[in-house]
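FYI, it's all coordinate maths here, none of it is from the lab. Remember, predicted model here, so these are calculated numbers, not experimental data. Backbone-built Cβ (ideal geometry, glycine too); neighbour counts: all protein chains shown.
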Amino acid sequence: MTNIQIIKQRYLKAKRIIIKRDKFKEEMEKQIDLPKMKILIIGASSYVGARIYSDLRNKFNVTGTYNKNKLFKELIKLDITNSKEVIEIIKKIKPEIIIHVAANPNARWCEQNQKLAKGINENGTKNIVEAANLINAKIIFISSDRVAAPINVYGKTKLASENYVKNTKKGFVILRPSLVMGLSPNTTNDRPFNRILKNITEKTPAIYDTSWKFQPTYLGHISETIELIIKNKINKEIIPISAPELKTRFDIAKDILSKFNIEVVSVDNKDKSPVVIGKQDKLKELGLPVYSYSEIIDKILKEIKK
Ligand SMILES: NC(=O)c1ccc[n+]([C@@H]2O[C@H](COP(=O)([O-])OP(=O)(O)OC[C@H]3O[C@@H](n4cnc5c(N)ncnc54)[C@H](OP(=O)(O)O)[C@@H]3O)[C@@H](O)[C@H]2O)c1
């Protein structure tokens, strides 16, 4: 080996050590910084938000808000339609990241109360974005796959909310779940999964629609994805988050309730809601986890039995 070759070899070895050391340092800094990162979850009492809150609160410095239902005793009161209150709370907490979950997700209620629905879903989001920009916070927004074909007030207000969220100066990530399934600390809100739970706990009649098809989203997948979005500093992305298979409410209820020996009756509600196909490509591209329908059902059954 010539002297030049030896020097070149030593140089490459030293370079490799430096790259390894820097990577290690970066990882260590990430580990040290994470528990200190301040996160504000707006809507921590909701079916979706309560699970995110309980999954993340031991991993970060998390504060949660409620509006009418103080699900956890430490939650602080915040009405997102009150811009003054939103600015006050956000300036006081000074979170680095705001996870915005609050909305009225009931499509029928939104249709019957268009002004109020706009006030909560749209203007509430605008208030949060404006306050986030005052303290340079990033927003992770729980949107909906309904924005892909917004045929009703709910879909339209969620789409308008996304457009506000895109104005967050520090950055944003928008998650677009479909119908969400999975156990939450909030078991009482009238949400689709809680109705299935009630069939088990209160023996309510299990009658489910066979007409509308959608790709279900697993609730735990949302928290897991948010944790990775924070850790991997993912920014300016819109991420559909659901299983690849199309299912009906009847399919899901049957796959869960049959394990509890509960008979599920089918009904054709002639639900013309658009079928939205959310590909898993974005999750895969960003190195985020994906779940198949059968994996989701397995996870949910374990959660319920536990
Ligand atoms: N569940 C699903 O299948 C599904 C699917 C796709 C997207 N999403 C999205 O996920 C989010 C949560 O939905 P969810 O199913 O968990 O609904 P949910 O249980 O009905 O929760 C709605 C939440 O919004 C809060 N809220 C309502 N008005 C408010 C106001 N003026 N100020 C502050 N907070 C207010 C409520 O607070 P209080 O209870 O304390 O009053 C509650 O925490 C929504 O953004 C929804 O669009 C849900």
*Restricting attention to segment 233-256, report how many residues are under 20 Å from K138 (Cβ atoms) and of a type in the set (A, V, I, L, M).*
4
*In segment 274-302, which residues are surrounded by fewer than 17 Cβ atoms within 10 Å (Cβ to Cβ), within 20 Å of D251 (Cβ to Cβ) and over 17 Å from the mean Cα position of the chain (by Cα)?*
P274, V275, I277, S292, S294, E295, D298, L301, K302
*Of residues in segment 193-222 being in contact with a strand residue (DSSP E or B) (Cβ under 7 Å, 6 or more places away or on another chain) and assigned to a helix (DSSP H, G or I), the one nearest to S258 (Cα to Cα)*: F193
_Which residue is nearest to the ligand (Cβ to nearest atom), if the candidates are limited to segment 53-67 and must be closer than 20 Å to D190 by Cα and assigned to a helix (DSSP H, G or I)?_
Y53
*asked:* Please pick out the residue among I296, I229 that is of a type in the set (A, V, I, L, M), in contact with a Phe, Trp or Tyr (Cβ under 8 Å, 6 or more places away or on another chain) and not in a loop (DSSP other than H, G, I, E, B).
replied: I296
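Considering only residues of segment 135-147 that are under 16 Å from Y164 (Cα atoms) and either surrounded by fewer than 17 Cβ atoms within 10 Å (Cβ to Cβ) or of a type outside the set (S, T, Y) (or both), which is farthest from the ligand (Cβ to nearest atom)?
N136
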*asked:* part of a helix (DSSP H, G or I), near the ligand (Cβ under 8 Å from one of its atoms) and either among the charged types (D, E, K, R) or within 19 Å of the chain's Cα centre (by Cα) (or both): which single residue out of A50, A132, A44 fits that description?
replied: A50
*Quick check: is even one residue across segment 155-163 more than 10 Å from the ligand (Cβ to nearest atom), among the acidic types (D, E) and either crowded, with 17+ Cβ neighbours inside 10 Å or part of a helix (DSSP H, G or I) (or both)?*
yes
*Would you please name the residue that is farthest from the ligand (Cβ to nearest atom), looking only at residues in segment 179-209 that are of a type in the set (A, V, I, L, M, F, W, C) and over 21 Å from N269 (Cβ atoms)?*
I200
_Single condition A102 does not satisfy, out of (1) more than 9 Å from the ligand (Cβ to nearest atom); (2) within 15 Å of A50 (Cβ to Cβ)_ = (1)
*Residue check: is N104 within 18 Å of the chain's Cα centre (by Cα) and not aliphatic (A, V, I, L, M)?*
yes
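Given the residues S258, S266, which is the only one that is over 17 Å from S178 (Cβ atoms), in contact with a Phe, Trp or Tyr (Cβ under 9 Å, 6 or more places away or on another chain) and not charged (D, E, K, R)?
Values: S258 fails: in contact with a Phe, Trp or Tyr (Cβ under 9 Å, 6 or more places away or on another chain).
Unique residue meeting the criteria: S266.
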*Only one of (1) hydrophobic (A, V, I, L, M, F, W, C); (2) in a loop (DSSP other than H, G, I, E, B); (3) touching a strand residue (DSSP E or B) at 6+ places or on another chain (Cβ under 9 Å) is not met by F141, so which one is it?*
(2)
*Please indicate, with yes or no, whether at least one residue in segment 212-220 is under 30 Å from G287 (Cβ atoms) and surrounded by fewer than 16 Cβ atoms within 10 Å (Cβ to Cβ).*
no
